[in-house]
Structure formats: structure tokens, C-alpha cells
Ligand SMILES: C[S@@+](CC[C@H](N)C(=O)[O-])C[C@H]1O[C@@H](n2cnc3c(N)ncnc32)[C@H](O)[C@@H]1O
């Protein structure tokens, strides 16, 4: 007889794996471990998703809950895998089969979701803005920490925003979920003390800085010239500027308005070198001031 797969057990195993990482971030944020254990990720992941790693044919296979329920559930609780929930802005559906279309929405991998919330470090008194609701899973984790009247999540895709709002409500979670372009922030509820984007930017939108309270923490994947994105943690000055640094490497889809590549020199990066130092070897400092973005690389003292 096939072994039973219990979602709660898998969730606990996944949490234990996150805990065991050298850079695991549950240790310092007990609320985050509790939130992770309380939120059923399987409730937010669609029944059909694409696996992020392509097969030998170069196509991303579909995992269908109805066909392979145990594989689907294991995929939901794989700490290091994101699950692709939309490609080509929804023009291609999972029923169309394996794909090599561009990813346009995903349930981000649990390890990265946890890392981002660790760096965001939200508190119950915060007013938070999330850009990129996607499935609503990261919103649900945030909602374990921030009361609904102080939590806004913005998703550019109307269908995804509606789906996530309904999924959240089904669990009794009622943050404001709006369909809008998150690059404009959400001025109606500003100023925010925490801003998190789950889609990458090449340039920090000025609206985020303008809507950030003094001392607000902004976390976003930030595209860089070293071949991947990095997680950027900024602290806003409340005056349209901010300062911060890159904390770790990640990989994310870009916000819709910033999909096109731009010369890095235009984005405030220093002149290309043959080898970019690792985050351990150097501090990548990002400064936003007077509408200008600049990145400085300061070698760590040896
Ligand atoms: C990696 S997914 C989000 C993952 C999500 N937080 C989760 O846990 O499921 C990124 C999302 O950002 C959305 N997005 C892209 N550009 C956007 C924009 N300008 N404003 C708001 N959402 C945007 C995409 O539609 C996509 O759903």
C-alpha cells in the first residue's frame, strides 16, 4: 500500500530543514517558525504547477495534484523549490503541458520566503505593504504578525489578486489585497514602516521611498550585473531616500514594468569587473538620494 503523506508532517519536516540551515532564520524569529507551522501552504498552491527545473527536453514539467497527489504535496513542502503558477502572463495554462515559456508568477520557495521575512522583521505595530501577492502564501505569513487593517498586498494580475484574496479569506485572513501596479506603491495607506516586494526590480521605484516612514525597512530582490538577483535590505530616511546593502543571492521574476534589460551603468552600478566579490568578501552598499540610485562595493576588512 502506498504510504500516506500528511501535510502537517511535511510542514514540520520542512520547518526542521529550514531550522538546520547554517543561515536558517527561524532561530532569531520565533514568530516566523510559528507562522510557518500554522499556515497550510498547500491551501495556496494551485492543483497544477510547473516544476522550476526543466527535464532533459528543456521543458518544465507539470505536477498535477489529481494525478500525483503525493508528489504534488512533497513539492509544496520542498524547502528549496519555488513552484511556477503562471507562465507568459497566463496565456499558456498547465493543461497545455510542459513549457519553456517565461515564468510570470510563482509560489516562491519556502527558504527564500522565510529569509525575506526574517530580514523584513515585521512587528505587530507596523504598517506593511507587500508588492506581488502571487498565491497569497507570503501574505498569509505576514498576516500572522500584522493586523489586517495594517497590511496591504498589491498584485498586478487581476485573476491572481482575486484568487489570493479568496484563499486568504477562506482561512479568516482579511488583509487588503488590491489589483494594481505595485511600482506605484499604494498611497492610500502610506506611510509604511515595512515594504516587501516579492518581484525583482532593477531600480527602486521612487513611490516606495516616498511612501516609506522614517526608519522603514524595505526588502526586495534587486537585479545585479553578477548574473543573479540579490536580496536588498534598505532603511528609508522618510524623505524620499534610503540606504542599505545586499544581503544574499536570490532569483526572482521581475516586476512587469522592469522586465527589459538596461545598462547597469545607467542603474548606478560601478564599472564591470571580471569578478564580482562575494557578499562575504565585500559590502554592496546601495544609496537612493534625490532620485538617483548608486551602488558602492566596499571590500570587507581581512
Ligand atoms: C514570485 S511571485 C509572488 C510570490 C508570492 N509572494 C507568493 O508567496 O506566492 C511575483 C508576483 O509579482 C507580481 N507582479 C509583477 N509585477 C508586479 C507589479 N508591478 N505590481 C504588483 N505585482 C506584480 C506577479 O504577477 C507575481 O504574481
> When residues of region 46-62 are filtered for being within 16 Å of the ligand (Cβ to nearest atom) and outside any loop (DSSP other than H, G, I, E, B), how many remain?
Replying inline: 4
>> Here is a check on your reading of the model: is residue 74 modelled with pLDDT of 95 or more and either outside the structural domain of residue 101 (by TED's automatic domain parsing) or surrounded by 15 or more Cβ atoms within 10 Å (Cβ to Cβ) (or both)?
In response: yes
>> Tally up the residues in region 143-154 that are within 10 Å of the ligand (Cβ to nearest atom) and either farther than 16 Å from residue 113 by Cβ or surrounded by fewer than 23 Cβ atoms within 10 Å (Cβ to Cβ) (or both), please.
In response: 1
>> Given (1) in contact with a strand residue (DSSP E or B) (Cβ under 9 Å, 6 or more places away or on another chain); (2) within 16 Å of the ligand (Cβ to nearest atom); (3) touching a residue at least 40 places away in the same chain (Cβ under 8 Å); (4) not assigned by TED's automatic domain parsing to the domain that holds residue 232, identify the lone condition not met by residue 43.
In response: (1)
> Looking only at region 170-207, which residues are under 22 Å from residue 114 (Cα atoms) and assigned to a helix (DSSP H, G or I)?
Replying inline: 182
> Pick from region 76-109 the residues that are part of a helix (DSSP H, G or I) and in contact (Cβ under 8 Å) with a residue 60 or more places away in the chain: which of them is farthest from the ligand (Cβ to nearest atom)?
Replying inline: 76
>> Suppose we keep only residues that are at pLDDT 95 or above and out of contact with any strand residue (DSSP E or B) (no Cβ under 7 Å at 6 or more places or on another chain) within region 267-290. Which one would you say is surrounded by the fewest Cβ atoms within 10 Å (Cβ to Cβ)?
In response: 290
>> Please go through region 123-142 and give me each residue that is more than 10 Å from the ligand (Cβ to nearest atom) and surrounded by fewer than 24 Cβ atoms within 10 Å (Cβ to Cβ), ordered by number.
In response: 123, 124, 125, 126, 127
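The values are calculated or read from the model by the stated rules, or taken from the named source; none is laboratory data. Since the model is a prediction, treat every value here as computed from it, not as a measurement. Don't worry about glycine lacking a Cβ; one is built from the backbone with ideal geometry, like all the others, and counts go over all protein chains shown.
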